[in-house]
There are 2 protein chains.
Amino acid sequence: MRIREAAERSGLNPKRVRYYERVGLIEPARRLDNGYRDYDERAVHELRFIHRAREMGFGLERIRRLLALWRDRSRPSSEVKAVAEEQLGELDAKIRRLTELRENLKHLAQCCDGDHRPDCPILEELSREEAAAVEQELDEREAG
Amino acid sequence: MRIREAAERSGLNPKRVRYYERVGLIEPARRLDNGYRDYDERAVHELRFIHRAREMGFGLERIRRLLALWRDRSRPSSEVKAVAEEQLGELDAKIRRLTELRENLKHLAQCCDGDHRPDCPILEELSREEAAAVEQELDEREAG
DNA sequence: GATAAACCTTCCCTCGATGGGAAGGTCAAG
DNA sequence: CTTGACCTTCCCATCGAGGGAAGGTTTATC
């Protein structure tokens with residue numbers, strides 16, 4: 001099976017498959033006489049695993065660890081769960097940050113009339129002179 | 001005022017200031033005789049504006065538009081609001097996506113015993129043989 | 001046997017928004 | 001005169017790909 005078929009059957013495309021090989025996520029494929037990569041069912045399974053893990057939002061480093069655990073038939077499920085908890089922690093952090101940004105911006109946007117006049121609390125907020133800048137400067141003078 | 005001071009007073013660092021200049025977010029700075037960039041208070045105000053907009057989560061292209069509106073004293077606030085609404089839409093989409101990922105993964109992790117045994121619903125989910133793959137293949141055969 | 005198409009290969013560039021660091025110029029204090 | 005703190009430009013790395021060039025192979029069709 002050449003790369004296109006392996007890619008299609010795992011939900012990927014050839015570029016991504018080559019990329020995953022290049023970064024060492026999968027073993028370098030065997031080559032046919034003409035230099036083409038040659039895949040078997042086992043490889044397709046691994047590629048599908050990677051595809052699904054990407055869909056679930058895992059980064060490639062985390063997928064690398066999940067693959068190692070998957071291959072190890074005697075893994076303790078606690079280790080898999082640990083990877084998942086890490087991922088969950090990251091997701092939580094990102095969601096929290098984005099939600100803060102959203103709430104903040106939503107508030108400002110609600111306060112903006114959105115008419116033909118130039119006054120806008122959003123721009124005012126962005127250009128506000130702030131005590132923080134002064135504090136920062138003081139901090140740095142003292143530290144230096 | 002040289003770049004370090006301008007950067008500090010706007011909450012940035014010199015690298016970012018040069019970068020913003022390079023991508024055309026700010027005008028190229030005047031140069032001193034020795035080639036050093038020279039900034040005034042107005043430049044610091046712009047840099048601070050950019051810094052705060054970044055903190056609020058805006059990307060540089062959106063900031064470019066906000067800067068243009070900020071400079072235009074006769075802007076209608078509706079245009080500023082429109083930029084903010086775009087940003088809000090993006091934030092919402094990202095949050096929705098991340099929340100879906102989180103709920104899905106949280107569910108799987110809860111179902112995982114997390115003990116010394118190898119059985120794990122997370123790995124099972126990732127390696128599950130799926131009708132979807134077959135369907136996709138069929139779709140593509142038909143299309144081709 | 002020619003030709004076109006659909007593949008395959010490697011290689012490099014692009015994205016966003018920086019950070020790191022090299023190599024070299026400038027300036028003030030000790 | 002040297003040290004150190006600046007400044008300059010330049011290139012490389014990140015993450016996870018996609019785009020596309022340049023060139024080789026195979027398959028189908030005429």
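Structural remarks
- Here the accessible area of the protein assembly as shown is 47 percent carbon and sulfur, with a 1.4 angstrom probe and all protein chains present.
- Rounded to 10°, Cα long-axis angle of helix A:131-143 versus longest principal axis of chain A: 70
- In degrees, nearest ten, helix B:60-71 long axis to first principal axis of chain B (Cα): 40
- For peptide B:95-105, the mean count of partner chain Cβ atoms within 10 Å of a residue's Cβ comes to 5.
- Relative contact order for region A:26-129, counting Cα pairs under 8 Å that sit 6 or more residues apart, in percent: 11
- Measuring against 30 Å, Cα to Cα, the residue pairs A:Lys106/B:Lys106; A:Lys94/B:Lys15; A:Lys15/B:Lys94; A:Lys15/A:Lys106 contain A:Lys15/A:Lys106 as the ones spanning a longer distance.
- Most mobile of A:Ile95, A:Ile63, A:Ile122 in a GNM of chain A (Cα contacts under 10 Å): A:Ile122
- Contact order normalised by residue count of region A:3-61, Cα under 8 Å, 6+ apart, percent: 39
- Cα shape, the protein assembly as shown, gyration tensor, a/c 1.5 rule: prolate
- Compactness of region A:3-61 is given as radius of gyration and Dmax, 11.0, 37 Å, from Cα positions.
- Over chain A - Rg/Rh using Cα atoms and the Kirkwood inverse-distance radius: 1.25
- Of all chain A residues, the closest to the A-onto-B rotation axis by Cβ, with that distance in whole Å, is A:Ile95, 3.
- Cα long-axis angle, helix B:41-55 against chain B (0 to 90 degrees, to the nearest 10): 10
- Accessible surface, region B:3-54, averaged per residue in Å² (probe 1.4 Å): 56
- Local electrostatic count at B:Met1 - Lys and Arg +1, Asp and Glu -1, tallied over other residues with Cβ under 12 Å: +1
- Interface burial for A against B (accessible surface, 1.4 Å probe, total of both chains, Å², rounded to 100): 5300
The values are calculated or read from the model by the stated rules, or taken from the named source; none is laboratory data. None of these values were measured; they are calculated from a predicted model. No Cβ is skipped: glycine too gets one built from the backbone with ideal geometry, and neighbour counts run over all protein chains shown. For accessibility, only protein heavy atoms count, side chains too; no ligands or nucleic acids. Shrake-Rupley method; radii C 1.70, N 1.55, O 1.52, S 1.80 Å.
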